[in-house]
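To start, the structure itself, in structure tokens.
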Amino acid sequence: MGLFDKIKEKLSNEFIDIVEWLDYTDDTICHRFERYQNEIKNNAKLIVREGQTAVFVNEGKLADVFEAGTYTLNTQNLPILTTLKGWKYGFDSPFKAEVYFVNTHLFTDEKWGTKNPITLNDERFGLVEIRAFGTYAFRISDPGKFIVDIVGTDNNFTNFEINEHLKSLIATRFTDTVGEANLPIELYAANTTELSETCKEVMQPEFESVGIALEKFFIENVSMPEDLKKEIFEYSRIDKLDLDKLTKFKTAKAIEAAATNEGGTAGAGMGMGMGFVLAQQMGGMMSPQMGGQQMPPQQQAAVPPPVPQAVQYFYAINGHQSGPVSFEQLSALFANRTVNRDSLIWKQGMSGWTPLKDVEELKAFLGGSTPPPLPGA
């Protein structure tokens, strides 16, 4: 650039008497007004549009801040800068100052999410991992503080530059909030609205400390591993069901599976075993109904006999003890081949572990339709 070009540039910029900024982008938060050697002409016009704020910085120090409107730049409209410059009776020559235009409109639909899973300690499931993501909206509430603490000397500051900082802040505070909430793991996904409001209240002071107002904060989803989700669903179903009815239902399904098995002895044995079980159950159901038809005994006992206790069986699988289980549950285990004829069984009163085939009441599981030989034959 030649000497005359430099003189031409200086003269063309020195006599610009309108300071304004038209924003043609959607992501610029702060823009520094550029002119030759930062010189502004005395009595120049400053135009600040709606959704903007103009911030004057003199030699690195925050000076005057202007809201929306049109201003004439002189000692009356620049009280702080006038004090910093030492102007007592006005001035006629151009003055130097940096002018930053700050967008104060709402920046919406900003994304956030947890980069890594958050580990929580649940009372029922132990250590579990969750992830979360959502959106937030913010605006610049204190342009002066924002310029000093965040922008610095950046001549064109965008929301991309601040978003990385804000997303890290959100992820940290979200982790703290859900950790202190100590909710059952399944309630996080069911209470996103309440959790969003709580997180917003926790994060607002952090945003305001750098001149930013957190206007909206939404948690769109809280996710967890699929195996944990299935376990929670199963737990919730069991919690709502009658366990006795559930056991009977499982037994019935095992019987149905055994009946469709063409293995022969397993199906036959299961049929005989469950016939015995059903006979016991039917007998118990019919006893109250038949009571009115039976002849009353000659003498009523003063004290009723004790209620018989159901027999509980223990069984061994791969050298490990399992149980106790009821007769019906052991039948289902035999039907689905969890135990077999050679599995070791023990119940109260037995001197030691005995193969299932040698336990008298369990022989019905084995099937067989040939009667024993007659005595003396």
Using a Förster distance of 51 Å, how high is the FRET efficiency between L106 and K248, based on the Cβ-Cβ distance and rounded to 0.05?
-> 0.25
Proximal aspartates and glutamates relative to K347, as straight alpha-carbon distance under 20 Å, when same-chain residues fewer than 8 apart are discounted = E328, D358, E360, E361
Calculated from backbone phi, Karplus (6.51, -1.76, 1.60) coupling profile of region 146-160 in Hz, x at Gly/Pro | 5, 4, 5, 8, 10, 6, x, 9, 5, 7, 8, 9, 10, 5, 5
Please find the FRET efficiency linking A68 to E194, where r is the Cβ-Cβ separation and R0 is fixed at 51 Å, and quote it to the nearest 0.05.
-> 0.85
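Determine the alpha carbon to alpha carbon distance for each of K111/K200; K250/K363; K45/K96; K115/K167; K167/K229 and list only those over 20 Å.
From the list (K111/K200; K250/K363; K45/K96; K115/K167; K167/K229), the Cα-Cα distance tops 20 Å for K250/K363; K167/K229.
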Chain lengthening between E234 and Q204 when straightened (0.36 nm per residue, less Cα-Cα) | 6.9 nm
What accessible area, in Å² to the nearest ten, does a 1.4 Å probe give for H31?
-> 50 Å²
Find, among the chymotrypsin sites (Phe, Trp or Tyr not before Pro) in region 67-112, those assigned to loop by DSSP (not H, G, I, E, B) with at most 12 other beta-carbon atoms within 10 angstrom.
-> Y89
If you look at just the Cα atoms of region 21-92, how large are its Rg and its Dmax in Å?
-> 13.0, 42
Interchain or long-range residues, amide H under 5 Å from A44's placed H = L73
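Sorting V148, V339 by accessible area (1.4 Å probe), largest first, what list results?
Working: V148 90, V339 5 Å².
Listed by decreasing accessible area, they come as V148, V339.
Could you compute Rg(Cα) / (2.2 N^0.38 Å) for region 145-225, with N its residue count?
Details: Rg = 15.0 Å, N = 81, 2.2 N^0.38 = 11.7 Å.
Normalised by 2.2 N^0.38 Å, the Cα Rg of region 145-225 equals 1.28.
The values are calculated or read from the model by the stated rules, or taken from the named source; none is laboratory data. Remember, it's a predicted structure, so these values are computed and weren't measured experimentally. Reconstructed Cβ throughout: ideal geometry from the backbone, glycine too, with neighbour counts over all protein chains shown. With ligands, DNA and RNA removed, areas are computed over all heavy atoms of the protein, side chains included. Shrake-Rupley method; radii C 1.70, N 1.55, O 1.52, S 1.80 Å.
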